[in-house]
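Since the structure comes first, as structure tokens, the remarks are kept for the end.
The values are calculated or read from the model by the stated rules, or taken from the named source; none is laboratory data. The shown structure was predicted, so the numbers you read here are calculated from the model rather than taken from an experiment. All Cβ positions, glycine included, derive from the backbone under ideal geometry; neighbour counts span all protein chains shown. These accessible areas exclude ligands, DNA and RNA; they are computed on the full protein's heavy atoms, side chains included. Shrake-Rupley method; radii C 1.70, N 1.55, O 1.52, S 1.80 Å.
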Amino acid sequence: MSREEAADRGWSEFDVILVSGDAYVDHPSFAAAILGRSLEAAGYRVGIIAQPSWKTADDFRRLGAPRLFFGVSAGNMDSMINHYTANRKPRSDDAYSPGGKSGLRPDRATNVYAQRCREAFPGVPVVAGGVEASLRRVAHYDFWSDTVKPSILVSSKADLVAFGMGESLIVEIARELDAGKKIAELRHLRGTAYFLGKTETLPEFDAVMNGPGTPRDSSAELPSFEEVKADKRAFANATRIIHRESNPLNGRRLIQKHGDRTVVQNPPSLPLDTAGMDAAYDHPYLRTAHPSYQGKIPAYEAIKNSVTIMRGCFGGCTFCSITAHQGRIIQSRSAASIKREVDALEGQEGFTGVISDIGGPTANMYEMRCTKPEVEAKCRRLSCVHPKICKLLGTDHSPLKKLMKDVREKKHVRKVFVASGIRTDLAQLDPEYVEELAMHHVGGMLKVAPEHTHPDVLKAMKKPKIDNFSGFVDAFNAGSRKAGKRQFLVPYFISSHPGSGLEEMIDLALYLKRHGHRPDAVQDFIPSPMDVAATMYYTGIDPITMKPIKVATKVRDRKMQRALLQFFKPDNYFEVRRALEEAGRSDLIGEGKECLISGRPPREAILARRAKAQGADKKSARKDSVGYRPHRAGWKKDKPSKPRPTRKRDDR
């Protein structure tokens, strides 16, 4: 991270410099670490510029010019989701920054960092990657400005976008450039997207890009940027094509016109095999934050004693970006590699024998994959488990059960928790797995994500019916009783998801009341670029069926839906009452068994409303009391009912 540290290793220059919006933590859960260590293992000298000051290019010059390229990423999170809530209000903290301090990265960090790298060292190739760049590689809907934006290649001016998980790809890029090739000669690489010049012709489809199931017509053209911006049906159709071409084994190259230029997206990188996964996680990570930081980094504190065993997800949930970024094909580490990492924890400072999580995007998909490779190579399903579990999907929990047993029986390990989400429909296929989970791997509470109760919303989400969740609740409670433990499930639900209106949210609220669930943490739907659900939100069309779907886009409607998720809180009383009255469900107001709220507002609700009103009065006098980017042209907010008083300079 400094020239002094480079000098200690005998380096006079860097081959690759990685720029990240996150603080630098040398742990495989952090992108800069796993990419940097992969490059280092291939023989390259890597510099890290973490959370640089972006107001000028000075901080981007501090390590000098990289010999090969800059690798730019906003960090582990999309910078806009990191900065703003579902109501577009600024967040007060940043889990990936020292002390949880916010404001250490800019909005749309990939764009800013890439442009500063260009300014610092003109002519040095810039490769953008990470989840923010991945999900913006073609024209996309931007929730924060409520507009359709062009590919990030346009706004960042990056030479190349490396999308998806990039350990093998970043090494391949380094090797190609090291061999003397120019960045424009790397357009044959899988997992990359690039901008074709006005006078350039589309290159022939390289044989390297052909997966075993790739059709002969190896390119598919998306509606142009201008078309998707002007026509919501064209946007929905583009989303449908993008997701149907997401299987790396048969995905075609995608082409999208942007004016008189063309964005080209090559097929996704092939999934890592077990040896590749082991190589990525077996590097000599220090598993600590850089010593220059004073405050603790919350995201690191949460995962420092966790162990990743797999990546990818075949669930295909429409609101989730994991499948779009990590892929649908499960990539698993070997048990030997995982156990080596567990053994390494014994000597780590502060390790008390407790592994906080052993899992991945989903805790119980380890070593699960299609049992017929020839079918997997041709399959274009977006989910292997919806509307029902595919009969060809391998769902054996035995390798996972053995791994969990081997890890928890190690002498230096006192407890192994499962903190990753459980896929309840898969778990119920193996009652023994649920019993072992309840017996050994739950610290009083287990996270699960039924997300909703109404069948129409669950269908839009590609989630199993609520009866499936109820079945898991019974199985888990039985396992807990057998273990002699009093344990609880922590169910996660989403408000304002496409398909959900007041009627559907009332259905969910009634379910919560009947089953005694009082969710403390709730999710308010945020449309993330490239997600199927984001397209539903923007267009009002389900891109898979091309049929209309209801959406809640107004702030008042979203507030009512969120309040219904926590109808039991006094602060939400008046919002819930308004929702019930608007939905024609005043029968749920009163003292009856099924009623969600009482007929009379509790005293706490009145005090909360009064405090909120007083706070609103104070805010109305402040020019900067608004949400997302109020100083930017095009930002809209309701005009105050009374003009703000003007102040003279001497009155401040």
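Side notes on the structure shown:
- The residues of the range 256-287 that are open to solvent by less than 50 Å² (accessible area, probe 1.4 Å) and among the small types (Gly, Ala, Ser), listed by number, are Gly259, Ser269, Gly276, Ala280.
- Every condition in (1) out of contact with any strand residue (DSSP E or B) (no Cβ under 6 Å at 6 or more places or on another chain); (2) open to solvent by less than 40 Å² (accessible area, probe 1.4 Å); (3) touching a residue at least 60 places away in the same chain (Cβ under 8 Å) holds for Lys401 except the one numbered (3).
- Sole exception among (1) modelled with pLDDT of 95 or more; (2) assigned to a loop (DSSP other than H, G, I, E, B) for Glu227, by number: (2)
- There is at least one residue in the range 230-245 that is buried (at least 17 other Cβ atoms within 10 Å of the Cβ), touching a strand residue (DSSP E or B) at 6+ places or on another chain (Cβ under 7 Å) and of a type in the set (Gly, Ala, Ser).
- Positions within the range 257-279 being in a strand (DSSP E or B) and under 11 Å from Ala193 (Cα atoms), in sequence order: Thr262, Val263, Val264, Gln265
- Residues that are touching a strand residue (DSSP E or B) at 6+ places or on another chain (Cβ under 9 Å), farther than 14 Å from Val138 by Cα and of a type outside the set (A, V, I, L, M, F, W, C), drawn from the range 253-291: Ser269, Pro271, Asp273, Thr274, Gly276, Tyr281, Arg287, Thr288, His290
- Per the listing Ser38, Ser53, the residue uniquely open to solvent by 10 Å² or more (accessible area, probe 1.4 Å), of a type in the set (Gly, Ala, Ser), at pLDDT 95 or above and not in a loop (DSSP other than H, G, I, E, B) is Ser38.
- Qualifying residue in the range 584-599 (condition: under 20 Å from His454 (Cβ atoms), in a helix (DSSP H, G or I) and modelled with pLDDT of 95 or more): yes
- Exclusive hit being open to solvent by 10 Å² or more (accessible area, probe 1.4 Å) and closer than 30 Å to Tyr141 by Cα, set Lys372, Lys388, Lys339: Lys388
- Among the residues making up the range 537-564, those that are open to solvent by 70 Å² or more (accessible area, probe 1.4 Å), of a type in the set (D, E, K, R) and in a helix (DSSP H, G or I) are Arg556, Lys559, Arg562.
- For the range 472-484, a residue qualifies if it is under 13 Å from Ile422 (Cβ atoms) and open to solvent by 10 Å² or more (accessible area, probe 1.4 Å), and the qualifying residues are Val473, Ala475.
- Those residues of the range 502-520 which are open to solvent by 50 Å² or more (accessible area, probe 1.4 Å) and outside any helix (DSSP H, G or I), in sequence order: Gly516, Arg518, Asp520
- Some residue of the range 247-255 being open to solvent by 10 Å² or more (accessible area, probe 1.4 Å), touching a residue at least 60 places away in the same chain (Cβ under 8 Å), under 29 Å from Cys370 (Cα atoms) and in a helix (DSSP H, G or I): no
- Of all residue pairs spaced 6 or more apart or on separate chains, those with beta-carbon atoms under 7 Å, a first member in the range 442-453 that is of a type in the set (Lys, Arg) and a second member that is at pLDDT below 90 are Lys447/Gly421; Lys447/Val490.
- Index of the failed condition, Asp15 passing every other in (1) open to solvent by less than 10 Å² (accessible area, probe 1.4 Å); (2) closer than 21 Å to Val131 by Cα: (2)
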